[in-house]
Amino acid sequence: MEGILAFGLLIGLIIGGMWVQFAVAGAGLLYIWLLKGFAGWKAIGIVSWGSANSFTLAAIPLFVLMAEILLGSGLSTRLYNGVAPFMRRLPGGLLHTNIAGSGIFAAISGGSAPTAAAMSTVALPELSARGYNKRLVAGSLAAGGTLGILIPPSITMIIYATFTETSIARLFAAGLIPGIVLALLYMGFIVIRALINPDLAPRSDTKATPADLGRALLDIVPFLLLIIIVLGSIYGGYATPTEAGAVGVVGAILITGIYRCLSLRLLTEAMARTVTMSGNILFIVFTSMIFAYATALSGMGEQLVSFLEGANVSRLAFLLIIMVIFAILGCFMEGLGMIAIIVPVIFPALLAFGVDPIWFGVFVVILVELGQLTPPLGVILFVVASSSDEVKVEDVIMGTLPFFGIIVLFMLLLIAFPQIALFLPSLTIG
C-alpha cells in the first residue's frame, strides 16, 4: 500500500506538470515517511552525499561540454556535408545522410537531443528545398537522433551504471554494435520506401568526383579521429570514461581551432549550457537516489521477485512487461527519470531471472529511445519540430511511426540474440 501511494503520487505530480526532479523527491520523501516516519529522513544526508560523491558521474559534464563545443561551433554543418557525397546516390538519397550523420554525431554528443538538434538544423531546410517528403525527413531525423543515447559515449548508460554498479566501459562496448545495426535497419527501411515510391526522395544523378570525396573526407576525418581516441582509450583500458571525457573536451577544442571556429564566446556559452544541462541531469540522479533508498527500505525488489516466482512468469514475459511499462511511462516522463525510478525496483528480479546487467543496460537504453519518440511528450519529436517552421509536430509523429516499429522489432531481435550486445564486451580488455 505504501508503494502504491508513493507511485500514485509520483505519476500524479508528473501528469500535473511538476518537474520530474521535484516529483521524484516528493514521492520518495513520502515513501520513506510512510515506512519509517520522520526518523527515516535522517539518512537522506548520507544518501545524497553518496549520489554526489561519484567519480563516474563526473564524466557527464565532460561529455556534455564536448558536445556543446562542437554544436555551438556550427561544425555539424561540415559533418553533414562531409557525409552527403557518400550517400546521395543511394535509393533515398540524402535521407541516409540524416542517419549516418546522426550516428557519427551520436558518438560525440552522448545524448539524443543534441544529436537531433544538430542534424535537424542542417537537414530540414536542405531537404525541404530539394523536394523530399517532409514527414519521411522528419521521421529519419527523429530516429537518427535516438542513436545519441545508444552509440557510446552515452549519458543514459552512465546513469544506468550508477544505479546498477555495472562497468561503464563494458556498457559502452555493448551499445556500439546494436547502435550500428539499428542505424542500418533505419537505412534499409529508407531504401525500401524510396524504391517503392521514388517521389518521396528524389535521387541525385550527380556523380561525386574523387576530388569531391577527398574534400568530404577532410570534413569527416577529425570527427572520426576524436571518436577513435575517446572510445579507443576506454575500450583499450587506457582511460576511464571520465578521463576519456576530458580528452574529448580537449579534442573538441582542437577541432574547432583547426576549422577556425574557436573563440572565447564559444567556450563561455558552451560552458554555460553545460552547467545548465549537467545540473538538470545530476539533480535527477540526486532525487532518484532518495526514491531508490525508499524502495530499498521497503524491500519492494525482493517482494517483486517472490511474486514473479509464485506466478511462474517466464523471462520473456517479464521483459515484455517491462517494455509495456516503459512505453506507457514514456508518454509523460523523460528517459532518465524512467531509469532512475524503475531500474532500482526491478534489478533484483533481473538477477533472479539470470538477465545479464550489461545486456539489460542496452535493452533499457533502447526502451528510453522508444520513450523519446512516444507522443505526446517525446522530447525528440519537439526538438525536430522546433528546428524548422516548415515541419509541425504532427508531421514528425507520422514520420516517426515506421521507425518506432523498427525499434520494437529490433528489441525482439535483441531478446532472441543477446550476443548482438554481448559480443563486443567479451572482447574488451579494460
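The values are calculated or read from the model by the stated rules, or taken from the named source; none is laboratory data. Everything quoted here is computed from the prediction, not taken from an experiment. Quick reminder, even Gly has a Cβ in these numbers, built from the backbone with ideal geometry, and neighbours come from all protein chains shown. Remember, those area values only see protein heavy atoms, side chains included, never the ligands or the DNA or RNA. Shrake-Rupley method; radii C 1.70, N 1.55, O 1.52, S 1.80 Å.
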Query raised in the report: Would you pick out the residues in region 50-84 that are under 22 Å from residue 240 (Cβ atoms) and among the charged types (D, E, K, R)?
Result: 68
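Residues checked against (1) open to solvent by less than 70 Å² (accessible area, probe 1.4 Å); (2) more than 27 Å from residue 172 (Cα to Cα):
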site	(1), (2)
384	yes, no
388	yes, yes
397	yes, yes
412	no, no
Report task. Report yes if residue 336 is closer than 20 Å to residue 150 by Cβ and surrounded by 17 or more Cβ atoms within 10 Å (Cβ to Cβ), otherwise no. Result -> yes
Query raised in the report: Among the residues of region 216-227, which ones are without any contact (Cβ under 8 Å) to a residue 60 or more places away in the chain and either crowded, with 18+ Cβ neighbours inside 10 Å or farther than 22 Å from residue 176 by Cα (or both)?
Result: 222
Query raised in the report: Pick from 355, 368, 391, 364: which is assigned to a loop (DSSP other than H, G, I, E, B) and in contact with a Phe, Trp or Tyr (Cβ under 9 Å, 6 or more places away or on another chain)?
Result: 355
Query - Matching option when the condition is crowded, with 24+ Cβ neighbours inside 10 Å, over 19 Å from residue 79 (Cα atoms), out of contact with any Gly (no Cβ under 9 Å at 6 or more places or on another chain) and in contact (Cβ under 8 Å) with a residue 24 or more places away in the chain, among 172, 163 - result: 172
Query raised in the report: Pairs, please: C-beta under 6 Å, at least 6 apart or cross-chain, first residue within 12 Å of residue 291 (Cα to Cα) and in region 1-17, second modelled with pLDDT of 80 or more?
Result: 6/27; 6/30; 6/31; 10/23; 10/27
Report task. Can you tell me which residue within region 371-382, out of those that are assigned to a helix (DSSP H, G or I) and open to solvent by 20 Å² or more (accessible area, probe 1.4 Å), is nearest to residue 154 (Cα to Cα)? Result -> 372
Requested in this report: Might you let me know whether region 297-309 holds any residue that is charged (D, E, K, R), at pLDDT below 85, part of a helix (DSSP H, G or I) and open to solvent by 40 Å² or more (accessible area, probe 1.4 Å)?
Outcome: yes
Report task. Looking only at region 321-330, decide whether some residue is crowded, with 20+ Cβ neighbours inside 10 Å, out of contact with any His (no Cβ under 7 Å at 6 or more places or on another chain) and not in a helix (DSSP H, G or I). Result -> yes
Query raised in the report: Among the numbered criteria (1) modelled with pLDDT under 85; (2) more than 27 Å from residue 414 (Cα to Cα), which single criterion is violated by residue 162?
Result: (2)
Report summary line: Those residues of region 138-166 which are outside any loop (DSSP other than H, G, I, E, B) and over 18 Å from residue 119 (Cα atoms) amount to 155, 156, 157, 158, 159, 160, 161, 162, 163, 164
Requested in this report: Select from region 89-102 the residues that are small (Gly, Ala, Ser) and in a helix (DSSP H, G or I) and write down the one among them that is nearest to the chain's Cα centre (by Cα).
Outcome: 102
Query raised in the report: Which of the following residues is under 21 Å from residue 112 (Cβ atoms) and open to solvent by 70 Å² or more (accessible area, probe 1.4 Å): 275, 230, 249?
Result: 275
Query - Answer from 270, 244 - the residue that is part of a helix (DSSP H, G or I) and touching a Pro at 6+ places or on another chain (Cβ under 8 Å) - result: 244
